[in-house]
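The values are calculated or read from the model by the stated rules, or taken from the named source; none is laboratory data. Everything numeric in this text was worked out from a predicted model, so none of it was measured. We place every Cβ from the backbone using ideal geometry, glycine too, and count neighbours over all the protein chains shown.
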Amino acid sequence: MKKIFITLLLAIPLLATNLELKSGYVSAHTQMLMDKTIDPTNNYLHADITIENNDITTIKGKFWVEMTLFTSDNIDRDKNMYKEIQTDKFKLATYTISDVKKTDGKDSYIINGTLDFHGEKKELSANAKIITTDTNLNIDASSVILMSNYGVKAPCLMFMCVDDQVELLIKATF
């Protein structure tokens, strides 16, 4: 009986299925007074995500991006962004999922986890639409961070500074 129990305990993690990331990106929306919006995007999202028995609330794992792969419509501004967030020292940003909770809306969830950015780890929740089809699982999530909470000072040009608040948008298809 003891051997059967131990075998069952060891088999529990085998019920989780690894999801294969087909495509995904992260966009960071902010703005600056007297300038258009600033929307650097990273189309090279990576993920190591599992799900148990196709139950969305069991999703676990992490997403990560290389910081130098964020680009916008202004290469000079991108270079300044890389300097301010010290991409030479902090090469990756990762988000580790701790739990997923269903909310009242159709396909609506809250994803709770930890964002590791610029050497700081902070809890972060994201509002998400998670939709499953016959062949795909799609995550469309958003959250807001303050750069100052992660030790990043907003760059300024004369009296105009980039907004401290950044809206993060994450889209992933598995």
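Things worth noting here:
So that you can scan it fast, the table gives a plain yes or no per residue for (1) within 28 Å of N18 (Cβ to Cβ); (2) exposed (fewer than 13 other Cβ atoms within 10 Å of the Cβ); (3) modelled with pLDDT of 95 or more; (4) touching a helix residue (DSSP H, G or I) at 6+ places or on another chain (Cβ under 9 Å):
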{"site": "F90", "(1), (2), (3), (4)": "yes, no, yes, yes"}
{"site": "Y109", "(1), (2), (3), (4)": "yes, no, yes, no"}
{"site": "G119", "(1), (2), (3), (4)": "no, yes, yes, yes"}
{"site": "A126", "(1), (2), (3), (4)": "yes, no, yes, no"}
{"site": "A141", "(1), (2), (3), (4)": "yes, no, yes, no"}
{"site": "S148", "(1), (2), (3), (4)": "no, yes, yes, no"}
{"site": "F159", "(1), (2), (3), (4)": "no, yes, no, no"}
{"site": "V162", "(1), (2), (3), (4)": "no, no, no, yes"}
{"site": "T173", "(1), (2), (3), (4)": "yes, no, yes, no"}
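- Meets criteria (modelled with pLDDT of 95 or more and either in a helix (DSSP H, G or I) or closer than 18 Å to L157 by Cα (or both)) for T58: no
- Residue within the stretch 72-80 that is of a type in the set (A, V, I, L, M, F, W, C) and at pLDDT below 95 present: yes
- Take the conditions (1) of a type in the set (A, V, I, L, M, F, W, C); (2) part of a strand (DSSP E or B); (3) over 14 Å from V26 (Cβ atoms); L124 misses just one of them, which is (3).
- Residue under evaluation K102, criteria (1) over 19 Å from V166 (Cβ atoms); (2) surrounded by 15 or more Cβ atoms within 10 Å (Cβ to Cβ); (3) not hydroxyl-bearing (S, T, Y), criterion not met: (2)
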